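Structure first, commentary second.
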Amino acid sequence: ILSSPLPKRNRPIIAVPVGANAVGIQAAIDQAVAEYPGQRPVVYLPSGQYLLNQTVIIPAQADVQLVGD
């Protein structure tokens, strides 16, 4: 039995530049929260290396998805 395809969501996507540090990743998260409230934005990290030299915070109650390759 095959399952049906997932529905298309058309959610806003904010791509983090490859090689970004924690400040760049945090800026993308902050942008997603500020510019797309209620739209369930996706913060996307393409395949690559990232320098997490400090804590990255997704605010409480923020409906943001952080995904990567």
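Rule-based calculations on the coordinates, nothing more; no lab input. Note that this is a predicted model, so its numbers are computed, not measured. Counting neighbours? That spans all protein chains shown, and the Cβs are built from the backbone with ideal geometry, glycine included.
Sequence-distant contacts, meaning Cα pairs under 8 Å at least 6 residues apart, place the relative contact order of the chain at 37 percent. The long axis of helix 22-35 is offset from the longest Cα principal axis of the chain by roughly 50 degrees. Were the residues from residue 6 through residue 69 laid out at 0.36 nm apart, the gain over their Cα-Cα distance would be 20.7 nm. Per-residue ellipticity at 222 nm computed for the chain from its helices equals -6500 deg cm²/dmol, with DSSP H segments shorter than 4 residues left out and the rest contributing -39,500 (n - 2.57). Per-residue 3J(HN,Hα) values for the range 41-47, derived from phi via the Karplus relation 6.51 cos²θ - 1.76 cosθ + 1.60 with θ = phi - 60°, read x, 10, 9, 10, 10, x, 4 Hz in sequence order (x marks Gly and Pro). With bins 10 Å wide beginning at 0, the percent of Cα pairs of the chain falling in each bin runs 20, 47, 23, 8, 2.
Rounded to the nearest 20 debye, the dipole size of the chain about its Cα centre is 240 debye, using +1 on the Cβ of Lys and Arg and -1 on the Cβ of Asp and Glu. Between 54, 39, 31, the Gaussian network model of the chain with springs among Cα atoms under 10 angstrom shows the greatest mean-square fluctuation at 54.
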